[in-house]
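Just below is one structure, and these are the notes that go with it.
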Amino acid sequence: MASGGNIDVSVTLLTRNAGPLLDRVLRAVRAQSTSRRVEIVAIDSGSSDGTLAVLAQHDVEVAQIRSRDFDFGRTRDQVFEMSRGNVIIALSQDAVPAHPRWLENLIAPLEDEAVAVSCGRSVPDTERDYAQFVWERNGLFYFTREMRQFSQRHGRGLSNANAAYKRAVWEKLKFGAQPIGEDFRFQTKLLAEGLRVAFPDSAEVLHHHAYTLSALYKRCRNEGLGLRTLGCALTEADLVRDFLRLDVHRAWWRELLRGNLRRPADFLFPVVRPCAVYVGSRFARRFAP
């Protein structure tokens, strides 16, 4: 991988207290098997854990903002503006490219004129010291009805945890102010333009979560806020229907009998998810960091 001079691909990150995984992420990006000229660019929003030192060790261009100024849409636009590549990759600070062909495989679908963005998969990381959240593993994390509304209208959701954009398309459409869900909003803009998102199977990143109860609530509450801004609000009637979903109750008992619901967030998820999404959808006014 070459860096400096004219840039072909920009890998962009939004960081805040990224922890020890960040070093693995950056090493995996630098180890890609490619002849393209690649840069790494980041915006940090108030890290206090050594994140900035790790970025400096890997020759990452960094801009810093205050945590209270962070907005997923505006900040994503800002880091894209800092970049120079004709292809811009959005990568989560804890998403580790799974193999040396990740970058090339992620970019390949962009050769199609109708494809504006390519979005790779996230798969569990066996090297992490915590198991994948059980409700991610069983495919029910997004069981609530606001997500059903979005998928029915727009199809499979784009994720900026692992996505490559054509610069010209982003420059035309931009993300714009969006407290969370800027990737979903951009997807709606693409569809309005008759452009597609590709989902290659061979551009995986190692990426999974474990949650405390408070972190789970905050994420779901923020997602409710983001989907509301896209016209996919969770109503009181939706909340009741989500509480009564038989497939979720069956999974709840199944995971309990298997001994998989060991932490409060694991056990309470079928209640916390709809309640937190409803609060975000009905009452939230800004992103909770």
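For the stretch 51-60, the criterion of being more than 26 Å from Glu171 (Cα to Cα) and in a loop (DSSP other than H, G, I, E, B) is met by at least one residue.
Only residues that are out of contact with any Cys (no Cβ under 7 Å at 6 or more places or on another chain), within 17 Å of Gly231 (Cα to Cα) and outside any helix (DSSP H, G or I): list them for the stretch 143-184, please. Walk me through it before giving the result.
Filtering the stretch 143-184 for residues out of contact with any Cys (no Cβ under 7 Å at 6 or more places or on another chain) gives 143-145, 147-148, 151-157, 160-161, 164-184.
Those left that are additionally within 17 Å of Gly231 (Cα to Cα): 144-145, 147-148, 151-157, 175-184.
Thr144, Gly155, Arg156, Gly157, Phe175, Gly176, Ala177, Gln178, Pro179, Ile180, Gly181 - these are the residues of the stretch 143-184 that are out of contact with any Cys (no Cβ under 7 Å at 6 or more places or on another chain), within 17 Å of Gly231 (Cα to Cα) and outside any helix (DSSP H, G or I).
Here the stretch 108-123 is the region considered, the condition is being surrounded by fewer than 21 Cβ atoms within 10 Å (Cβ to Cβ) and among the aliphatic types (A, V, I, L, M), and the residue that is farthest from Ser202 (Cα to Cα) is Ala114.
Determine whether Arg24 is modelled with pLDDT of 95 or more and among the basic types (Lys, Arg). Outline the logic, then answer.
Details: modelled with pLDDT of 95 or more: yes; among the basic types (Lys, Arg): yes.
So Arg24 fits the description; yes.
Would a scan of the stretch 59-66 turn up a residue that is of a type outside the set (Gly, Ala, Ser), at positive phi and either in contact with a His (Cβ under 7 Å, 6 or more places away or on another chain) or not assigned by TED's automatic domain parsing to the domain that holds Trp253 (or both)? Yes, that holds for at least one residue.
Scanning the stretch 50-73 for residues that are surrounded by 14 or more Cβ atoms within 10 Å (Cβ to Cβ) and among the acidic types (Asp, Glu) yields Glu61, Asp71.
Scanning the stretch 140-153 for residues that are under 14 Å from Arg185 (Cβ atoms) and either assigned by TED's automatic domain parsing to the domain that holds Leu230 or under 17 Å from the mean Cα position of the chain (by Cα) (or both) yields a single hit, Phe150.
Is there a residue being over 22 Å from Asn6 (Cα atoms), touching a residue at least 24 places away in the same chain (Cβ under 8 Å), surrounded by fewer than 19 Cβ atoms within 10 Å (Cβ to Cβ) and assigned by TED's automatic domain parsing to the domain that holds Ala18 anywhere in the stretch 74-94? The answer is yes; a qualifying residue exists.
The values are calculated or read from the model by the stated rules, or taken from the named source; none is laboratory data. Fair warning: this is a prediction, and the values are worked out from it, not measured in the lab. Quick reminder, even Gly has a Cβ in these numbers, built from the backbone with ideal geometry, and neighbours come from all protein chains shown.
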